[in-house]
Ligand SMILES: O=C(O)CCC(=O)C(=O)O
Ligand SMILES: [Mn+2]
């Protein structure tokens with residue numbers, strides 16, 4: 001086992017199959033109310049390869065004109081995001097204890113060729129509370145580094161039901177998804193990977 005950077009926790013198989021299936025149903029309900037949208041890079045308008053939506057009182061969005069931000073409404077429907085599902089709050093409490101509760105759950109959907117470049121999660125006002133991320137569906141190769149761009153990185157696989165926590169000294173570490181391993185899970189009927197990222201936004 002390689003040693004992860006300080007503050008990064010990997011909890012393999014945290015959710016059993018039944019809980020994964022229940023969570024997929026929960027996310028399907030979220031997506032039917034708040035459809036997946038195509039996020040765009042600030043300024044260039046280049047589309048990201050993941051599609052996304054959110055639940056919770058705030059949602060993370062990005063587009064050409066206004067860039068990365070949190071907002072209360074879905075960028076296409078203009079409606080408030082669906083409420084944070086109780087099952088996610090329960091996972092949060094189990095893993096993060098008494099940390100302030102999350103306000104945003106970003107839902108990322110990866111098709112076989114989607115990826116996410118190395119970045120820091122720093123659009124939140126609260127940069128102390130941990131970020132908790134849940135993997136569902138196909139396995140991916142996840143990469144983490146330190147708090148500076150260009151530093152050493154290491155990678156490990158995330159399978160369906162795994163949780164990763166970026167907390168403490170690891171809260172601002174660079175991370176990303178190098179690749180998806182297609183057809184490695186039977187959880188999602190049409191394949192792909194769902195990532196749920198829970199974050200506290202306001203102070
Ligand atoms: O898909 C993942 O595991 C990571 C997602 C992520 O880092 C993000 O949405 O900020
Ligand atoms: Mn991130």
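Data table
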| read-out | value |
| --- | --- |
| Complete set of residues in the range 61-75 that are closer than 17 Å to residue 33 by Cβ and assigned to a strand (DSSP E or B) | 61, 71, 73 |
| Boolean, residue 82 is away from ligand 2 (no atom under 16 Å from the Cβ) and surrounded by 14 or more Cβ atoms within 10 Å (Cβ to Cβ) | yes |
| Qualifying residues in the range 90-142 (those that are free of Cβ contacts under 8 Å to residues at least 40 places away in the same chain and part of a loop (DSSP other than H, G, I, E, B)) - the one farthest from ligand 2 (Cβ to nearest atom) | 98 |
| Test for residue 193: is it near ligand 1 (Cβ under 10 Å from one of its atoms) and touching a residue at least 12 places away in the same chain (Cβ under 8 Å) | yes |
| Matching option when the condition is over 25 Å from residue 99 (Cα atoms) and surrounded by 22 or more Cβ atoms within 10 Å (Cβ to Cβ), among 177, 164, 131 | 177 |
| Pick from the range 76-89, criterion more than 15 Å from the chain's Cα centre (by Cα) and not in a loop (DSSP other than H, G, I, E, B), ranking: nearest to residue 132 (Cα to Cα) | 87 |
| Test: residue in the range 145-155 that is within 11 Å of ligand 1 (Cβ to nearest atom) and surrounded by 15 or more Cβ atoms within 10 Å (Cβ to Cβ) | no |
| Failed item, numbered, when residue 159 is tested on (1) free of Cβ contacts under 8 Å to residues at least 60 places away in the same chain; (2) more than 10 Å from ligand 1 (Cβ to nearest atom); (3) touching a strand residue (DSSP E or B) at 6+ places or on another chain (Cβ under 8 Å) | (1) |
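All of the numbers you see were taken from the coordinates with simple rules; none came from a lab. Source: prediction; values computed, not measured. Please note: Cβ atoms are built from the backbone with ideal geometry, for glycine as well, and neighbour counts cover all protein chains shown.
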